[in-house]
Amino acid sequence: MKLTIVGASGTFPGPHSGCSSYLLEQDGFRLLLDIGNGSTGALQDACGLLGPDAVVISHLHGDHYLDLITYTYARRYHPDGQPPILPVYGPSNVREHVVGAFGRNVDDLLNETFAFHEIDQDQKVAIGPFEVDLRRVVHPVETYGSRISAGGRTLAFSADSGECSTLIDLAKDVDLFLCEASYLDGDDNPPDIHLTGKQAAQFATSADVHRLLLTHLVPWGDAGRTLAEADAAYDGEILVARPLDVYDV
Ligand SMILES: [Zn+2]
């Protein structure tokens, strides 16, 4: 399973990274996890504009799904002709959220471009060669972390989450744990929204993950400090996601 970081910035794009978006490839099938604002720029380098075969949206915060709005036009009106209808898996009412962002009736445009599959509870779905286990995590809106297996390898993605035992269930023994680390330890962080690098590392330790890949760092943060805080709480290899970095999961 190949992972390409498309966008890794948390909350808003950084000067050199769009928001949350991660490309998984197996057997020629391309699954995009999240399509946050600013991510479709690097998507064109990662796999080409029309590359994705399916999208899974973890939750309906702008930094995880808003580029789906403009990406609609990229697929529907591409000069090479319209590609296949793209399956889009997302939380309850994902379609209504997308319509709301357009601000007008776009039924024809959406029906010709996407096939929406709404997730309204913990569930397992097969998407191409991927087995995707989606579980509710702790965040102010309906949010699904995921455990994704294909080709004998497994990746877990925290999505956005505060501390919860579900993260350990999702990440147990995975080859790579893609985990958010939005906050810095010691700051006055509100509960049940995001993790610090230290907390991400503690979950990685509890779940016995093989490698930890930190993401969703906020541009005004301090990546060096996040990494140092994580390093003190996990003995394995820790990496920080950057756009167009490629990992063999
Ligand atoms: Zn969020």
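The values are calculated or read from the model by the stated rules, or taken from the named source; none is laboratory data. What you see is a predicted model; the values in this text were computed from it and never measured. No Cβ is skipped: glycine too gets one built from the backbone with ideal geometry, and neighbour counts run over all protein chains shown. Only protein heavy atoms, including side chains, enter the accessible area calculation; ligands, DNA and RNA are left aside. Shrake-Rupley method; radii C 1.70, N 1.55, O 1.52, S 1.80 Å.
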Listed by range, strands (runs of 3 or more DSSP E) wholly within the range 1-104 having at least 3 residues that are modelled with pLDDT of 95 or more and under 22 Å from D120 (Cβ atoms) are 29-33, 54-56, 86-91
Picking from D185, D160, the residue that is in contact (Cβ under 8 Å) with a residue 40 or more places away in the chain, of a type outside the set (S, T, N, Q) and touching a Lys or Arg at 6+ places or on another chain (Cβ under 6 Å) would be D185
Conditions (1) crowded, with 18+ Cβ neighbours inside 10 Å; (2) without any contact (Cβ under 8 Å) to a residue 40 or more places away in the chain -> H78 fails only (1)
In the set S149, S206, the lone residue that is more than 16 Å from the ligand (Cβ to nearest atom), surrounded by fewer than 22 Cβ atoms within 10 Å (Cβ to Cβ) and under 25 Å from G90 (Cβ atoms) is S149
Checked A156, A115, A126 against criteria (exposed (fewer than 13 other Cβ atoms within 10 Å of the Cβ), among the aliphatic types (A, V, I, L, M) and in a strand (DSSP E or B)); the one match is A126
Checked the range 129-142 for anything under 15 Å from D169 (Cβ atoms) and in a loop (DSSP other than H, G, I, E, B); matches are V137, V138
In this structure, is D169 surrounded by fewer than 18 Cβ atoms within 10 Å (Cβ to Cβ) and at pLDDT 95 or above?
yes
By residue number, the members of the range 6-16 that are surrounded by 23 or more Cβ atoms within 10 Å (Cβ to Cβ) and away from the ligand (no atom under 16 Å from the Cβ) are V6
Over the range 218-249, the set of residues out of contact with any strand residue (DSSP E or B) (no Cβ under 7 Å at 6 or more places or on another chain) and not in a loop (DSSP other than H, G, I, E, B) is G224, R225, A228
Within the range 134-144, of all residues that are open to solvent by less than 10 Å² (accessible area, probe 1.4 Å) and either away from the ligand (no atom under 12 Å from the Cβ) or among the aromatic types (F, W, Y) (or both), the one nearest to F29 (Cα to Cα) is L134
From the option list D67, D34, D27, D45, single residue qualifying as open to solvent by 10 Å² or more (accessible area, probe 1.4 Å) and either touching a Phe, Trp or Tyr at 6+ places or on another chain (Cβ under 8 Å) or within 16 Å of the ligand (Cβ to nearest atom) (or both) is D67
**Asked** Does L60 count as within 14 Å of the chain's Cα centre (by Cα), of a type in the set (A, V, I, L, M, F, W, C) and open to solvent by 10 Å² or more (accessible area, probe 1.4 Å)?
**Response** yes
Restricting attention to the range 183-195, the residues that are surrounded by fewer than 24 Cβ atoms within 10 Å (Cβ to Cβ) and either within 16 Å of the ligand (Cβ to nearest atom) or in a strand (DSSP E or B) (or both) number exactly 5
